[in-house]
Amino acid sequence: MGPVDENEQPTTIVVSLFLPYTIDFEPPSVHHEEARAPVPEAPRPLGEVGRKDSTVDASTLKSSILMQLGAATPPVTPAAIDLKKDDFFTPGPPTPATHFPKPFDPRTLVRSDSHISEWGGGYLFNQPRARAVLPPLETIHEAVEAKARARSHSRKPTGGLSPQRRRDEWDNDWNVVPAEQGNGGLTNAIRAAQDAGTMGDVLTVGLVGFPTDELPKDTATQIYDKLETEHDSLAIFVSDKDFDGHYVHFCKVILWPVFHYVVPDHPKSKAYADHSWVFYERVNQAFADKVVANYKHGDIIWIHDYHLLLVPGMVRKKLPQAQIGFFLHAAFPSSEVFRCLAKRVELLHGMLGANLVAFQTHEYAHHFMQTCSRIISVEATEDGIQLDSHFVNVWSLPIGIDPHSVSMFRKNPEVQTMMDDIKQKYAGKRLVVARDKLDSIRGVKQKLLAYELFLNAYPEWKGKVVLIQVATSDVENKDLAIAISEIVTRVDTMHATLEHNPLLFLRQDVDFDTYLTMLSVADALMITSLRDGMNLTVHEFVVCQDGETGGKKHGPVILSEFTGSSAIFDGADIPCNPWDYKGCADAINTALMMGEEEKERRWTSMRTVVEEQTGARWMEQLSKQLAKVHRENFSRDAMSIPRLSVQKLTQAYQSSHKRLFVLDYEGTLATWGNVSNTVLISPQRVTDVLSDLMSDERNVVYVTSARTIEELEMIFARLPGVGLIAENGSYIRDMYMDEWLAFHEEEKTNNWKSAVKDMMNYYTDRVERSWLEERHCSIIFHYSKTDEFDAAARHAGEAADHINAVLSNQRVRAFPAKDCIVIEPMDWDKGTAVAHIFHSFFDSPEQRPSFLMVAGNDRDDEVAFKWAKKAQEEELIREVITVSLGTGHTTAMSTLINGTTGLLAALGKLAKLPRDTQD
């Protein structure tokens with residue numbers, strides 16, 4: 001798509017946890033520096049965990065791989081080696097010329113997958129530290145410990161300064177700089193889309209990336225104003241306590257593990273507690289309020305990731321007509337895992353506030369729809385979730401990168417110099433590289449165990465292979481650190497020599513230039529995540545392996561089958577199961593032994609995906625899809641659909657020579673009730689109106705219902721000439737006929753009904769006072785009389801999902817209705833019934849009706865509305881009137897606010913028109 005006039009494009013409000021910018025404060029004055037407490041101790045080297053006297057000076061964390069190669073002494077555990085500032089893989093800040101030019105380019109490329117500390121105190125900038133030290137609230141299991149800790153804990157300001165002097169420190173000059181924390185992939189995609197001209201103005205909403213309690217009010221105001229006026233960014237300032245409860249205690253302790261299939265089961269697990277929910281809710285509300293306050297009519301709202309699951313619903317309450325999209329960058333678990341969350345219902349309803357909920361892969365989208373069906377008992381269709389008041393589209397579209405920008409950054413002279421030096425130092429050796437966050441999700445431990453097994457199983461590679469593992473973390477996981485330390489030490493002891501170290505474990509991040517250098521010189525990339533949304537490191541590796549600018553050529557990717565990336569490369573990678581250590585070890589050998597032709601074939605396939613599914617295209621397609629579904633949803637909103645015009649109805653009726661009426665009974669012509677009550681309370685007016693319509697031989701009248709044929713015959717015993725459609729289209733009785741036409745095969749129906757009854761016995765046993773109603777061609781599971789309604793609704797959702805999964809090949813579907821679950825055939829409905837009547841009742845095209853009126857009030861009638869609309873578009877029928885008496889979204893072309901009374905009045909007026917005025 002070529003460039004377009006941005007003035008004609010709406011503004012997109014992009015809502016993410018962190019802004020793409022942050023603040024770098026000027027260093028404090030000398031007297032402040034002297035008053036400052038010592039620099040916090042650097043993280044202890046992984047190899048030193050558990051050892052005495054193992055602290056390390058902050059200026060010498062670990063050493064470079066080049067230093068190790070030239071060392072004359074035996075190598076030591078890689079994690080415990082010092083790093084010099086001029087060596088490779090240093091944790092120091094990126095070069096200002098590349099990353100933070102002043103004034104900087106607002107479209108500067110950032111790393112797609114940021115692993116640095118995301119909440120203040122990172123090594124990149126001079127920023128305030130968080131004041132929230134203790135957890136906001138403790139679980140019941142921690143109460144005693146918390147009281148003791150509170151008595152002994154001193155809440156002195158971080159850094160050892162008095163409050164006044166610490167506040168003065170942040171009165172100094174400051175600069176706006178590109179943020180390294182947050183969602184770099186999203187930032188790059190937005191900038192690429194703007195550069196391509198496929199996206200108009202963008203207003204970003206988020207946090208500034210550091211604790212703000214220590215900021216003077218004037219400074220905070222100045223920062224807010226500059227971000228808004230110069231960078232189109234709306235900063236949200238929340239208290240350190242609120243953010244600590246939201247991010248550290250709910251997002252990281254509860255949501256992140258559960259979304260990645262890690263459900264803690266120890267007694268102190270917070271996954272089952274709601275002590276931090278109030279903070280998660282409060283921060284989400286702050287985001288929603290900021291969006292609502294700055295929204296203008298026509299703006300597009302995009303909300304991103306699991307930190308803000310409640311925001312779509314909160315915004316929808318205040319802006320019911322807004323165009324809202326939500327994209328989850330992380331994985332979405334199966335319903336059995338998601339249901340472990342105490343606030344599962346609130347989270348789902350929050351996400352369902354969007355018009356479009358999008359995921360990285362089809363698998364995650366399917367999990368979401370299945371979870372909604374099971375937990376909140378809503379109907380999940382092929383396209384999304386049907387709610388009472390509206391429809392939420394569910395979609396999947398993987399995010400991508402900006403390949404051109406990555407290629408340009410690789411041409412940086414510093415990258416070229418490092419590439420030449422590393423190739424010289426590692427001449428004759430094969431490099432396998434990896435960069436992961438050091439947590440239980442990324443599979444670093446599994447990768448190291450597989451690599452150790454590879455070294456043992458393939459001795460022919462001794463002295464020829466080096467695994468460079470960059471592992472970063474902002475949270476210390478002692479158990480994981482100890483386990484990894486043991487593996488690193490074991491590999492070092494068994495396989496390292498004076499001339500060769502097969503494993504370089506660097507427990508820090510590397511700057512962007514070094515990162516691109518790693519990807520460019522590597523012979524293979526290895527990712528063993530236990531679960532991952534979309535690992536964009538793979539995309540960047542593919543770009544860096546083009547063989548240009550002196551890099552390696554077409555290195556293969558060893559990729560966990562549990563990552564979203566694995567789903568989009570369609571086998572061009574080398575798939576692996578992180579838990580299958582031998583399989584991963586064999587995959588390393590396969591990658592190293594692969595011939596050039598095979599490597600090029602795989603790389604070409606992956607490169608095609610990377611170039612086609614770019615970040616800019618991802619953003620463009622998401623926007624188009626959101627606009628499309630918003631238009632559809634808006635057009636179906638009852639408030640947007642005009643009232644039925646009796647005048648136009650009369651004109652269309654009078655100008656037609658043949659007319660077909662298809663009218664729903666319960667809820668449309670009459671109120672709901674059981675059969676005996678319906679017969680007793682069925683007003684005489686219904687019979688009179690239908691009889692009057694049928695008295696004109698040019699009128700054909702059918703009444704539709706979910707009732708059985710016996711019930712309909714009982715209800716309309718006084719009107720034998722009316723056509724009837726029973727069980728939502730499974731049976732038809734034509735006008736003035738006694739025989740019923742069945743569309744199903746009795747033997748097949750009995751088979752699936754038997755299977756359904758066997759499955760439903762499980763749920764009727766567990767839901768007190770529930771029962772099954774068996775009809776000729778459908779089964780209904782009722783639970784309206786139960787005392788435990790919420791539990792019953794959950795069981796009903798599970799039952800519907802179970803049936804849909806097991807019996808879909810038998811063309812049977814289950815969907816939730818009011819206080820029940822309906823199980824019926826897929827192939828027969830009111831739409832197919834209307835089509836059958838139209839094509840078979842009228843012998844020839846000349847005899848077909850030129851007027852069609854369809855009236856209904858429920859989801860069962862929507863298929864008839866759709867068929868009628870399609871028939872008019874195909875010019876099969878000249879005049880089509882569809883009217884809905886319901887209050888939710890509908891495809892009908894008109895509504896009636898006075899319901900059954902208004903419909904009967906309109907039909908009665910048609911029936912009483914003088915015959916001599918009819919053509």
Of the numbered conditions (1) buried (at least 21 other Cβ atoms within 10 Å of the Cβ); (2) assigned by TED's automatic domain parsing to the domain that holds Ile725, Val812 satisfies every one except a single condition; which is it? (2)
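Every residue, every condition in (1) modelled with pLDDT of 90 or more; (2) among the charged types (D, E, K, R), yes or no:
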{"residue": "Lys147", "(1), (2)": "no, yes"}
{"residue": "Ser154", "(1), (2)": "no, no"}
{"residue": "Ile190", "(1), (2)": "yes, no"}
{"residue": "Val205", "(1), (2)": "yes, no"}
{"residue": "Pro216", "(1), (2)": "no, no"}
{"residue": "Phe237", "(1), (2)": "yes, no"}
Listed by first then second residue, the pairs whose first member lies in the stretch 619-632 and is farther than 14 Å from Thr12 by Cβ, whose partner is crowded, with 22+ Cβ neighbours inside 10 Å, with beta carbons under 7 Å and at least 6 positions apart or on separate chains, are Val629/Asn355; Val629/Leu356
Show the residue pairs meeting these rules: Cβ distance below 9 Å; 6+ apart or different chains; first residue within the stretch 776-803 and in contact (Cβ under 8 Å) with a residue 12 or more places away in the chain and in a helix (DSSP H, G or I); second residue of a type in the set (A, V, I, L, M) and surrounded by fewer than 20 Cβ atoms within 10 Å (Cβ to Cβ). Ala793/Ile376; Arg794/Ile376; Gly797/Ile376; Ala799/Met759; His802/Met759; Ile803/Ala755; Ile803/Met759
What pairs come up if the first residue lies in the stretch 337-348 and is over 14 Å from Gly313 (Cα atoms), the second is at pLDDT below 90 and part of a loop (DSSP other than H, G, I, E, B), and their beta carbons are under 8 Å apart, counting only those six or more places apart or on different chains? Val337/Tyr261; Val337/Val263; Cys340/Val263; Ala342/Ala273; Ala342/Asp274; Lys343/Asp274
Is it the case that the stretch 877-886 has a residue that's within 25 Å of Asn633 (Cα to Cα) and either in a loop (DSSP other than H, G, I, E, B) or out of contact with any Leu (no Cβ under 9 Å at 6 or more places or on another chain) (or both)? yes
Residue count, the stretch 221-236 (criterion: acidic (Asp, Glu), in a helix (DSSP H, G or I) and closer than 16 Å to Ala293 by Cβ): 2
Looking for something of a type in the set (A, V, I, L, M), assigned to a helix (DSSP H, G or I), surrounded by fewer than 22 Cβ atoms within 10 Å (Cβ to Cβ) and on the phi < 0 side of the Ramachandran plot - is there at least one such residue anywhere in the stretch 334-344? yes
Determine which member of the set Tyr653, Tyr581 is crowded, with 18+ Cβ neighbours inside 10 Å and within 30 Å of Thr901 (Cβ to Cβ). Tyr653
State whether one or more residues within the stretch 533-541 are more than 24 Å from the chain's Cα centre (by Cα) and surrounded by fewer than 24 Cβ atoms within 10 Å (Cβ to Cβ). no
Pairs with Cβ under 6 Å, 6+ apart, first in the stretch 578-600 and assigned by TED's automatic domain parsing to the domain that holds Leu449, second hydroxyl-bearing (Ser, Thr, Tyr): Pro578/Thr528; Pro578/Ser560; Asn589/Tyr458
Qualifying residues in the stretch 683-728 (those that are hydroxyl-bearing (Ser, Thr, Tyr) and under 48 Å from the mean Cα position of the chain (by Cα)) - the one surrounded by the fewest Cβ atoms within 10 Å (Cβ to Cβ): Thr708
Specify which of the listed residues (Gln181, Gln222) is in the same structural domain as Val292 (by TED's automatic domain parsing), at negative phi and at pLDDT 90 or above. Gln222
Of the residues in the stretch 845-870, how many are touching a residue at least 12 places away in the same chain (Cβ under 8 Å), closer than 18 Å to Ser655 by Cα and part of a helix (DSSP H, G or I)? 1
Please tell me if Phe838 is of a type in the set (Phe, Trp, Tyr) and part of a helix (DSSP H, G or I). yes
Where residues in the stretch 849-863 are over 21 Å from Arg636 (Cα atoms) and surrounded by 19 or more Cβ atoms within 10 Å (Cβ to Cβ), which of them is nearest to the chain's Cα centre (by Cα)? Phe851
Does the stretch 362-418 hold any residues that are closer than 26 Å to Arg607 by Cβ and either acidic (Asp, Glu) or in a strand (DSSP E or B) (or both), and which are they? Glu363, Trp395, Ser396, Asp402, Glu414
For the stretch 452-479, name all the residues that are within 33 Å of the chain's Cα centre (by Cα) and buried (at least 17 other Cβ atoms within 10 Å of the Cβ). Ile468, Gln469, Val470, Ala471, Thr472, Ser473, Asp474
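Residue by residue, here is whether (1) crowded, with 23+ Cβ neighbours inside 10 Å; (2) touching an Asp or Glu at 6+ places or on another chain (Cβ under 7 Å); (3) among the basic types (Lys, Arg) holds:
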{"residue": "Cys820", "(1), (2), (3)": "no, no, no"}
{"residue": "Lys830", "(1), (2), (3)": "yes, yes, yes"}
{"residue": "Ala835", "(1), (2), (3)": "no, no, no"}
{"residue": "Lys866", "(1), (2), (3)": "no, no, yes"}
{"residue": "Lys869", "(1), (2), (3)": "no, no, yes"}
{"residue": "Glu879", "(1), (2), (3)": "no, no, no"}
{"residue": "Val883", "(1), (2), (3)": "yes, no, no"}
{"residue": "Ser894", "(1), (2), (3)": "no, no, no"}
{"residue": "Gly899", "(1), (2), (3)": "no, no, no"}
May I ask you to list the residues in the stretch 229-240 that are touching a residue at least 60 places away in the same chain (Cβ under 8 Å) and buried (at least 19 other Cβ atoms within 10 Å of the Cβ)? Ser233, Leu234, Ala235, Asp240
Among residues of the stretch 458-473, those that are of a type outside the set (A, V, I, L, M), at pLDDT below 90 and part of a strand (DSSP E or B), counted: 1
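The values are calculated or read from the model by the stated rules, or taken from the named source; none is laboratory data. What you see is a predicted model, and the numbers here were worked out from it, not measured in a lab. In this analysis, Cβ positions are derived from the backbone assuming ideal geometry, glycine residues included, and neighbour counts consider all displayed protein chains.
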